[in-house]
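Let me begin by presenting the structure, written as structure tokens, before commenting on it.
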Amino acid sequence: MALEFSHEANQHPASEERRNEILANPGFGDYFSDHMVTIDWEGIGHEEGTWSNARIAPYGPISLDPAAGIFHYGQSVFEGIKGYRYSDGSVWTFRPHANAARLNRSAYRLSLPALPEEDFVNSLRELVRTDNAWVPSGDGEAFYFRPFMIATEAYLGVRPARKVQFHVIGSPAGNYFGTPEPVDIWLSTTYSRAGVGGTGNAKCGGNYAASMIAQAEGESHGCKQVIFKDPNRDDAIEELGGMNVFFVFGKQNKIVTPELTGTILEGVTRSSLIQLAKDRGMEVEERKFTLSEWREGVANGDITEVFACGTAAVVAPIGKLMAADFEIPAASVGFGEISKSLREELVGIQTGAVEDRHGWMVKLAD
């Protein structure tokens, strides 16, 4: 049975003037709405326990004991998902059950409890209904939900926490739907994001922390993103610091993306683009894709576009690949035709401008 939420109103919400000022230029992840979701869990292990005390409360600091498990053993997973304001004023979100399922897969890997999918979706619904005025309505803007789960038990023994909290915070997000310019990316040869048997397919904070040093290395070489490879699999390409990657073979009407081997995060945007490509008759290959194939494919013209994908940017074209001792030039000038078209179709579905043939959109608020 789904949890029922209690509501505590924020007695000091942002003024309408301040909120409008923020919504005029929200950026990404810079400002937060007036309320947040909290649900408590208590149990033994990560499979026997109970979720309770679901509530909407004022946004603010979380009080934790210094011995809480999150601080010492990193039991933490999170998600990213957007809410979209439609022309009739209603608010919708994209494939929330897929995000809920991925959160639970991540939680299992980190020995955290599973949250029922309906409670996950209802947490988004309760927050957006409470903070509806924070959902922007500008072209390409959205309300970004950040659900996360953390170990809160105060205990220094090395075992799964017996107390956990699930939270959702929300942030108005600026326009990521304009046509982006290709970004050059850095090939990390020193650092790995994940390894076999590790947490690569879990959306946990430690994976992102591990990628930041490589990201900084790339930025020092003028690149905005970093991509990782697996030296134990013929330098197989894996993913960027926070995005999946696709290669377009335009003459063959085919796209290729690295296969999910357990070291790559299964992106919701990734799986959606695969479906849309299949819908239009394209061949889709999920397989090992090596650095050598990237180099040769661009050189002989087989690879006509390369792009990355994720929740924030949806689809972003990749320019050249730079490394310490070589570079691979961009496969296309500007935004490639196929990747741009796929992006426009997916964004159209999310914003209600294109028919939702797969039933991906879920209404959160009228």
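Quick one: net charge of Pro182's neighbours, Cβ under 15 Å, K/R +1, D/E -1?
Summing Lys and Arg as +1 and Asp and Glu as -1 gives -1.
Straight distance only, please: which lysines reach the Cα of Lys254 with their own Cα at less than 18 Å, same-chain residues fewer than 8 apart left out?
List returned: Lys278, Lys288, Lys340.
Could you pull out every residue, at least 5 positions away or on a different chain, whose amide H is within less than 5 Å of the one on Lys82? Hs are placed 1.01 Å off N in the peptide plane, and Pro or chain starts have none.
Phe94, Phe145
Could you list the trypsin sites (Lys or Arg not before Pro) in the range 322-366 that lie in coil according to DSSP, counting only those with at most 14 other Cβ atoms within 10 Å of their Cβ?
Sparse-neighbourhood loop trypsin sites (Lys or Arg not before Pro): Arg357.
Place +1 on the Cβ of every Lys and Arg and -1 on the Cβ of every Asp and Glu in the range 1-155, take the dipole about the Cα centre, and give the residue among Met1, Pro116, Thr93 whose Cα lies farthest towards its positive end.
Thr93
Below 8 Å, C-alpha to C-alpha, sequence gap of six or more: please give me the relative contact order for the range 120-187 in percent.
After rounding, I find 35 percent.
Mind checking the per residue accessible area of the range 9-116 for me, 1.4 Å probe, whole number of Å²?
Per-residue accessible area for the range 9-116 comes out at 49 Å².
Please say if the range 100-154 is rounded, prolate or oblate, where rounded means a/c under 1.5 for a ≥ b ≥ c the square roots of the C-alpha gyration tensor eigenvalues, and otherwise the choice is prolate for a/b larger than b/c and oblate otherwise?
Prolate, since a/c reaches 1.5 and a/b exceeds b/c.
Show which aspartates and glutamates lie in cross-link reach of Lys251 when reach means a straight Cα distance below 19 angstrom and same-chain residues fewer than eight apart are skipped.
List returned: Asp279, Glu283, Glu285, Glu286, Glu293, Glu296, Asp302, Glu305, Glu337.
Would you kindly derive the ³J(HN,Hα) couplings of the range 117-128 from the backbone phi angles with the Karplus curve 6.51 cos²θ - 1.76 cosθ + 1.60 (θ = phi - 60°), listing them in order in whole Hz, with x for Gly and Pro?
Working through the residues one at a time gives 4, 5, 5, 4, 5, 5, 5, 5, 4, 5, 5, 6 Hz.
Just reorder His12, His358, His35, His46 by solvent-accessible area, largest first, 1.4 Å probe, all chains present.
If we order His12, His358, His35, His46 from most to least accessible, we get His12, His358, His46, His35.
May I ask for the distance between the Cα centers of the range 85-141 and the range 67-82, given as a whole number of Å?
18
Suppose a student asked you for the relative contact order of the range 121-272, using Cα pairs under 8 Å spaced at least 6 residues apart; what percent would you report?
The normalised contact order for the range 121-272 reaches 18 percent.
Using the crude model of +1 on Lys and Arg Cβ and -1 on Asp and Glu Cβ, and no other charge, please compute the dipole size for the range 79-204 relative to its Cα centre, in debye to 20.
Dipole about the Cα centre, nearest 20: 620 debye.
Which of the listed residues, Gly319, Ser292, Pro329, is farthest toward the dipole's positive end in the range 258-349, when Lys, Arg count +1 and Asp, Glu count -1 at the beta-carbon?
So the residue furthest toward the plus end is Gly319.
Identify which of Asn132, Asn244, Asn20 has the largest mean-square fluctuation in a Gaussian network model of the chain, with springs joining Cα atoms closer than 10 Å.
Among Asn132, Asn244, Asn20, the largest GNM mean-square fluctuation belongs to Asn20.
Could you tell me the convex hull volume per residue, in Å³, taken over the Cα atoms of the chain?
145
Leaving ligands, DNA and RNA out of it, report the carbon-plus-sulfur percent of the accessible area of the range 1-159 at a 1.4 Å probe.
49
What ³J(HN,Hα) values, in whole Hz, does the Karplus curve 6.51 cos²θ - 1.76 cosθ + 1.60 give for the range 333-348 when θ = phi - 60°, with x put for Gly and Pro?
Values, residue by residue: 8, x, 7, x, 4, 6, 5, 5, 5, 4, 5, 5, 5, 5, 4, x Hz.
Is any residue of the range 284-303 close enough, with backbone N under 16 Å, to a label point placed 7 angstrom from the Cα of Arg105 along the Cα-Cβ axis, and if so, which?
Backbone N within reach: 286-287.
Per DSSP H run of n ≥ 4, the term is -39500 (n - 2.57); total these for the chain, divide by its residue number, and report the mean residue ellipticity at 222 nm rounded to 500 deg cm²/dmol.
After summing the helix terms and dividing by residue count, I get -8000 deg cm²/dmol.
Which length gain, in nm to one decimal place, applies between Ser15 and His72 when the Cα-Cα distance is subtracted from 0.36 nm times their residue separation?
Result for the pair: 16.7 nm of gain on full extension.
Hey, what's the range 186-328 come to in accessible area per residue, 1.4 Å probe, Å²?
Each residue of the range 186-328 exposes 39 Å² on average to a 1.4 Å probe.
Just how far, in whole angstrom, is the range 313-366 from the range 174-217 if you go by their alpha carbon centroids?
Each part reduced to its Cα centre gives a spacing of 17 Å.
Let me check I've understood the local charge: for Ile81, count other residues with C-beta under 11 angstrom from its C-beta, Lys and Arg +1, Asp and Glu -1. What total comes out?
Once positives and negatives cancel, what remains is +3.
Mind checking which of Ala107, Ala308, Ala57 has the largest fluctuation in a GNM of the chain, springs on alpha carbons under 10 Å?
Ala57
Answer with one residue from Tyr31, Leu346, Ala194: the one whose Cα lies farthest towards the positive end of the charge dipole of the chain, charges on Cβ with Lys, Arg +1 and Asp, Glu -1.
Ala194
Relative contact order of the chain, please, whole-number percent, based on alpha carbon pairs below 8 angstrom and at least 6 residues apart.
Worked out over the chain, it gives 18 percent.
To the nearest 20 Debye, how big is the dipole of the chain about its Cα centre, given +1 on the beta carbon of each Lys and Arg and -1 on that of each Asp and Glu?
Charge dipole of the chain: 360 debye, to the nearest 20.
If I stretch the segment between Glu118 and Asn25 completely, what's the gain in nm (0.36 nm per residue apart, minus their alpha carbon distance), one decimal?
My answer for the length gained is 30.2 nm.
Using a 1.4 Å probe over the heavy atoms of the protein chains, calculate the carbon and sulfur portion of the accessible area of the range 241-366 as a whole percent.
45
The values are calculated or read from the model by the stated rules, or taken from the named source; none is laboratory data. Everything quoted here is computed from the prediction, not taken from an experiment. Reconstructed Cβ throughout: ideal geometry from the backbone, glycine too, with neighbour counts over all protein chains shown. Ligands, DNA and RNA are stripped out before the accessible areas are found, and what is left, the full protein with its side chains, is counted by its heavy atoms. Shrake-Rupley method; radii C 1.70, N 1.55, O 1.52, S 1.80 Å.
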